[in-house]
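Notes follow the structure.
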Amino acid sequence: MSPPAAILDVAAPVNGNGTYVKTDMPVKLQAKGNAASLADMEGKWDAFTFNPIRESQVSRAMTRRYFADLDNYAESDIVIVGAGSCGLSTAYMLGKARPDLKIAIIEAGVSPGGGAWLGGQLFSAMVMRKPADVFLAELGVPYDDEGDFVVVKHAALFTSTLLSKVLAFPNIKLFNATAVEDLITRPAPTASDPHAVRIAGVVTNWTLVSMHHDDQSCMDPNTINAPLVISTTGHDGPFGAFSVKRLVSMQQLEKLGGMRGLDMRTAEDAIVKGTREVVPGLVVGGMELSEVDGANRMGPTFGAMALSGVKAAEEALRVWEE
Ligand code: 48N
């Protein structure tokens, strides 16, 4: 079969209702609006070509958006620190409840999701104890019902579904590969503590920069002002329990509670029930909270992360509406 004629530089024919009209003329795949179907590529790869581009267009397409977001979210309504299962669950609940609020998520890792890409060790399935199945149903994540608990066939199915829904909210911006390396504070003296503060935002830097302050000097950070910060930075990893440890080092908390040994039945109730505003302007949820109250850890079960996120969002809106 002779190769089809070179792709003609014509727009794909579109009929009156905007759908592609299939022709036997090989057409260049145009941008959105009159894109040909995938079927039009079948068997025509020899003549296939992408639309033209100049490298600077790619650079500008990325940088214009990123710097517009940095400008827009420099003043955020709520900042969520940590895009693990708790932080993402919090973001989902807030994004759904308050589309009017500007919500910035700061995630130190390049890939958000924290510890929720595997069920435990290197096993894929994710266990959630009831009633956390209600959150899975809200997201439309299928699971096997095992009575008192449910099992998602792969943890990545939960995390990717949750992440995609969070990122789809127009009022939520994820800044990944970006670490919170300090908290913005304002004096908020009380009768018992003249040095008490209110949290008023976060101090950020590229994560790789944050990890090299010991061997490179004067790499100053950026900032995001926000009247409310929700910290869900987990209990492990290079920055684990970040905000709680920073509160201790700035004498806003007396000491770390110290996460206790594994006890699923104790840990999950404690984390969900304990999710709260720990100091004015800072709500702590997920496993970071175990470093406040000394809660047990629960190991490879994630219902508490999801429902701590649900409660963190509720706490945040309570504080917001005070
Ligand atoms: O998944 P994590 O670590 O935290 P959670 O609380 O969302 O979920 C915890 C859960 O995965 C468990 O640990 C399970 C249930 N096991 C319990 C157990 O007993 O072992 O996510 C925290 C996220 C991570 O993605 C970090 O990269 C990020 O927070 N992070 C930060 N992001 C920005 N700035 C920081 N300073 C920072 N610190 C951590």
Would you kindly state the longest site-free stretch of the chain, with sites defined as chymotrypsin sites (Phe, Trp or Tyr not before Pro) in a DSSP loop (not H, G, I, E, B) surrounded by at most 15 other Cβ atoms within 10 Å? 51-322
Relative to 2.2 N^0.38 Å, what does the C-alpha radius of gyration of the chain come to as a ratio? Two decimals please. 1.21
Which value results when the Cα radius of gyration for region 208-288 is divided by 2.2 N^0.38 Å? 1.27
May I ask for the net charge around GLY82, where only other residues with Cβ less than 10 Å from the Cβ of GLY82 are counted and Lys, Arg are +1 while Asp, Glu are -1? -2
Contact order normalised by length for region 155-209, with contacts defined as Cα pairs under 8 Å and 6 or more residues apart; what percent is it? 31 percent
Want the number for ALA188 to LYS96: 0.36 nm per residue separation, take away the alpha-carbon distance, what's left? 30.0 nm
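Can you give the charge dipole size of the chain about its Cα centre, rounded to the nearest 20 debye, using +1 on the beta carbon of Lys and Arg and -1 on the beta carbon of Asp and Glu?
Dipole magnitude for the chain comes out near 460 debye.
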Radius 11 Å from Cβ of ARG318, net charge of other residues (Lys, Arg +1; Asp, Glu -1): -3
Distance in nm between label sites at GLN121 and VAL151, each 7 Å beyond Cα in the beta-carbon direction? 1.4 nm
Full extension between VAL110 and ARG265 adds, at 0.36 nm per residue less the Cα distance, a length in nm of 52.5 nm
Taking the Cα centre as origin and putting +1 on Lys and Arg beta-carbons and -1 on Asp and Glu beta-carbons, what dipole magnitude results for region 133-198, to the nearest 20 debye? 520 debye
Run the numbers for LEU208 and TRP320: contour at 0.36 nm per residue of separation, minus the present Cα-Cα distance, in nm. 37.1 nm
Relative contact order in percent for region 228-322 (Cα pairs under 8 Å, 6+ apart) equals 35 percent
Normalised convex hull volume, region 177-236, alpha-carbon set, Å³ per residue: 131 Å³
What does the charge count around TYR143 come to, taking other residues whose C-beta lies under 11 Å from its C-beta (Lys +1, Arg +1, Asp -1, Glu -1)? -2
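I need the calculated FRET efficiency for the pair PHE48 and ASP69, taking r as the beta carbon distance and R₀ as 35 Å, to the nearest 0.05.
0.55
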List the residues, sorted by chain then number, that are 5 or more residues from THR204 or on another chain and whose placed amide H is less than 5 Å from its amide H. GLU181, ASN222, THR223, ILE224
Normalised by the residues of the chain, what does the relative contact order come to in percent, with Cα pairs under 8 Å and at least six apart? 18 percent
Degrees between helix 303-321 axis and first principal axis of the chain (Cα, 0 to 90, nearest 10): 80 degrees
Please report Rg (one decimal) and Dmax (integer) in Å for the Cα set of region 86-229. 18.6, 56
In degrees rounded to 10, the 0-90 angle between helix 55-72 Cα long axis and the longest Cα principal axis of the chain is 30 degrees
Would you work out which of GLN251, ILE184, LEU162 lies farthest towards the positive end of the dipole of region 128-263, given +1 charges on the beta-carbon of Lys and Arg and -1 on that of Asp and Glu, about the Cα centre? ILE184
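Here, each number is a calculation from the coordinates, and none is a lab measurement. All values derive from a computational prediction rather than experimental measurement. In this analysis, Cβ positions are derived from the backbone assuming ideal geometry, glycine residues included, and neighbour counts consider all displayed protein chains.
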